[in-house]
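Structure, as structure tokens:
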Amino acid sequence: MLQHPKVKGPSIGLLGFSKGGDLCLSMASFLKGITATVLINACVTNTVAPLHYKDMIIPKLVDDLGKVKSGFLTFMDTWSNPLEEHNDQSLVPLEKAQGPFLFIVGMDDQSWKSEFYAQIASERLQAHGKERPQIICCPETGHCIDPPYFPPSRASVHAVLGEAIFYGGEPKAHSKAQVDAWQQIQTFFHKHLNGKKSVKHSKI
């Protein structure tokens, strides 16, 4: 297996956002050697399309696109409750993961019920005797939590759907959350990948 010269190893960290978040959750749960995982506004189930891994198929979370709100589209109400019986098979068995989790949650996320999903993850991990994940909730922050100093993405035309999507977030609070979240992500990875407790945070 080829390795980039700047990838130190042997520890591997995952960082996933939105649909990429539940893919990282699945990777952490099924693949060996994943040391730490950060999820930004992600679901605890497989979403959008069935996930195929070896001889296993994880169905997608049941959705109802008829509940999409018109105008600038929002998807938060289209997703069914992951805890409902018909969604049992779509839940990712995150208790199988070998490393810790950090959930970054936008409290004004209009695409996912991100705080609810993070709480489900926390309760599931603890029910299996695993470490409680770190959950950071960002007030007035929407779905797209980008690296620091990126313009807040409150709405955009979705690349797949070709429709205008509203993601939520108040510009000032969202911008601050992007800076804070990036620092927390670096600290988390330095601690669990390098064994260091903290990193130097640049002043704003």
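Taken as a whole, the condition of being under 28 Å from Ala28 (Cα atoms), outside any strand (DSSP E or B) and either open to solvent by 10 Å² or more (accessible area, probe 1.4 Å) or modelled with pLDDT of 95 or more (or both) applies to Ala181. Looking only at the stretch 184-200, residues that are in a helix (DSSP H, G or I) and modelled with pLDDT under 85 come to 1 in all. Quick one: would you say Asp108 is closer than 20 Å to Thr141 by Cα and at pLDDT 95 or above? The answer is yes for Asp108. Being buried (at least 21 other Cβ atoms within 10 Å of the Cβ) and closer than 21 Å to Ala36 by Cβ is the filter here; which residues of the stretch 107-128 pass it? Matches in the stretch 107-128: Ser114, Tyr117, Ala118, Ala121. Residue count for the stretch 24-67 satisfying the condition of being free of Cβ contacts under 8 Å to residues at least 24 places away in the same chain and among the hydrophobic types (A, V, I, L, M, F, W, C): 7. Checked against the criterion of being at negative phi and open to solvent by less than 40 Å² (accessible area, probe 1.4 Å), the stretch 155-163 has no qualifying residue.
Taken over the stretch 72-89, the criterion of being buried (at least 17 other Cβ atoms within 10 Å of the Cβ) and over 24 Å from Cys144 (Cα atoms) is satisfied by Asn87 alone. Out of Pro139, Pro100, one residue alone is open to solvent by 10 Å² or more (accessible area, probe 1.4 Å), closer than 14 Å to Ala177 by Cβ and modelled with pLDDT of 95 or more. It is Pro139. I'd like to know if the stretch 146-167 contains one or more residues that are closer than 28 Å to Leu83 by Cα, modelled with pLDDT of 95 or more and under 15 Å from the mean Cα position of the chain (by Cα). No, the conditions are met nowhere in the stretch 146-167.
The values are calculated or read from the model by the stated rules, or taken from the named source; none is laboratory data. No experiment lies behind these values; they were computed from the predicted model shown. Positions of Cβ are backbone-derived with ideal geometry, glycine not excepted, and every protein chain shown enters the neighbour counts. We work out accessible area using only protein heavy atoms, side chains counted, and drop any ligands, DNA or RNA first. Shrake-Rupley method; radii C 1.70, N 1.55, O 1.52, S 1.80 Å.
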